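Read the figures in this text as sums done on the coordinates, not as results from a lab. Quick caveat, the model's predicted, so the values are computed rather than measured. Because the Cβ atoms are built from the backbone with ideal geometry, glycine has one as well, and the counts that use them run over all protein chains shown.
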Amino acid sequence: MSEGIRIGVLVSSKGNKLQAIIDACKTGVINGGIVFVCSDNPGSYALKRAIRQQIPAFVVDYEAIRDRCLQKPDALQVPADCDLDRIMASQKILDESRENLMFRLTTRLAAEEEMLRQMAAYPFDLLVLSGFMRKLTPYFIDKVNNGHPTPRIMNMHATLSPAFPGIDGYGQTLRHGCKIAGCTVHFVDYEVDSGPIIGQYAFRIEPHETFESVKKRGIMLECSVYPKCIGLFAEKRLRLRRNGKGRIVVDILHYYNHDGYL
């Protein structure tokens, strides 16, 4: 690809948002193209979407790696440049015994090391999580950001953050009795769905609605707005700063002439 940004995509399931990103690259909503698709799920339909578009696609099977580590725990090693103590201090993973925590963390790191190895064949400017159902460690996040002034991992979360982090966002929204649902596009940090917010988009939940109808509307909204946020990154219109509370926030720059931004 000679023009625009190079996008890598991590995905776990159907790839609806992946398809929206592919289409947006074709229509010019995103000035760029997808250089690889990686899934943790060998059965992911997103892989077929990528192959149909002649996009390089590969699998890093977390479950298979975990099973191998269970069979041969003595062979389990963390990356040589990884500081486990720093990771556990930087990121809350689960409240469990240190032995279980270490196994969970080291198997995740083994999968991430393999993912980084395969990704290295496809240089990219932005890594997009498109329904990727694995929590990334600080080791992986730091490797991808690699000193860049702007974070390089973007995610779509199915709630209006910081409400309801984690899985089943629309279900959590409905069970809580919320009248408004929505989604949040954000940069990824060490915690769950908590990074600097790029955009938030909402819709009213009607009294007659079911989980299925709310989720369907939510996914349609996600597929519409996620490519636009990626497009802002491609146009270098996202600027990070610290607000009065010391939290990192994202400003969207607007053109005012040919020489700069408002």
Can you work out ³J(HN,Hα) from phi for every residue in the stretch 197-204, in order, using Karplus 6.51 cos²θ - 1.76 cosθ + 1.60 and θ = phi - 60°, giving whole Hz and x for Gly and Pro?
7, 8, x, 10, 9, 10, 8, 7
Cα radius of gyration and Dmax for the stretch 1-96 (Å):
17.5, 51
Among Thr184, Thr27, Thr173: highest mean-square fluctuation, GNM of the chain, C-alpha pairs under 10 Å
Thr27
Note down, for the stretch 141-262, the three equivalent ellipsoid semi-axes (square root of 5 times each alpha carbon gyration tensor eigenvalue), biggest first, whole angstrom.
29, 17, 13
Pairwise over distinct Cα atoms, reciprocal of the mean inverse distance: report the Kirkwood radius of the stretch 160-214 in Å, one decimal place.
11.8 Å
Computed FRET efficiency, Cβ-Cβ of His254 and Asp125, R0 22 Å: what is it to the nearest 0.05?
0.50
Inter-site label distance for Lys48 and Arg86 at 7 Å from Cα along Cβ, in nm
4.3 nm
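State the extension gain, in nm to one decimal, for the chain segment bounded by Thr27 and Glu191, taking 0.36 nm per residue of separation less the distance between their alpha-carbons.
Once the chain is fully extended between Thr27 and Glu191, it gains 55.7 nm.
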Quick one: Debye curve from the alpha-carbon atoms of the chain only, equal weights, vacuum; give me log10 I(q)/I(0) at q = 0.14, 0.15 Å⁻¹ to two decimals.
-1.06, -1.20
Sticking to Cα atoms, compute the Rg of the stretch 78-210 to one decimal and its Dmax as the biggest Cα-Cα distance, whole number, in Å.
16.8, 55
